[in-house]
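FYI, it's all coordinate maths here, none of it is from the lab. Quick caveat: nothing in here was measured; it's all calculated off a predicted structure. Methodologically, a virtual Cβ is constructed for each residue, glycine included, from the backbone with ideal geometry; neighbour enumeration extends over all protein chains shown.
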Amino acid sequence: MERRELFGSLASKLRGDSPQAKEVSHLRPPYSNDESLFLSLCPECDAPCASVCEEDIIVIMDDKTPVLNLLESGCTYCDECADVCEPNVLKVEERHNIKAKITINKSLCMSWESVMCFSCKEPCLDNAIEFKSLFQPVILQDNCTACGFCIGRCPTAAIEVEVL
């Protein structure tokens, strides 16, 4: 555990909550544009997509459809889930950004309260988080792929996800 993660964990416990309390639901893997295929074909599948996910973010819901849990890690867009999808719901040729908008809640963000924190910026693979000044991070929506790596790293759960 990194020092920043330790302090974030302790701060969350003091507040009586945790970043994981903000669950993100129904974010589908970024390899299909047809929701009806998830509902019709995935329940008959053994879900190899979840077992091959290198980041372990694909979770199979009660209805036996895959969703992304971005609370601990993010999507690398490695294509593995699409490569093993037996019913062909997930297809590499249909790869797109995750259908979500990521924002920073300024009232929860430590940096917006003049505390030096770069927890969200460090794991961002797409340089989508910019600091307007030393203490004002913003998401550059044109760069953001909604991969989710920033979400679980925020010690105050200030990274918010809007499912599109």
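Descriptive notes on the structure:
- The stretch 79-131, relative contact order in percent, only Cα pairs under 8 angstrom and at least six apart counted: 14 percent
- Per residue, the convex hull spanned by the Cα atoms of the stretch 35-94 amounts to 80 cubic angstrom.
- Dipole magnitude for the stretch 35-94: about 120 debye, using +1 per Lys or Arg Cβ and -1 per Asp or Glu Cβ, origin at the Cα centre.
- Each other residue within a Cβ distance under 12 Å of W112 adds +1 if Lys or Arg and -1 if Asp or Glu, for a net charge of +1.
- Distance cut-off 24 Å, percentage of C-alpha pairs in the stretch 32-132 lying past it: 35 percent
- When only Cα pairs below 8 angstrom with a gap of at least 6 residues are kept, the stretch 35-94 shows a relative contact order of 35 percent.
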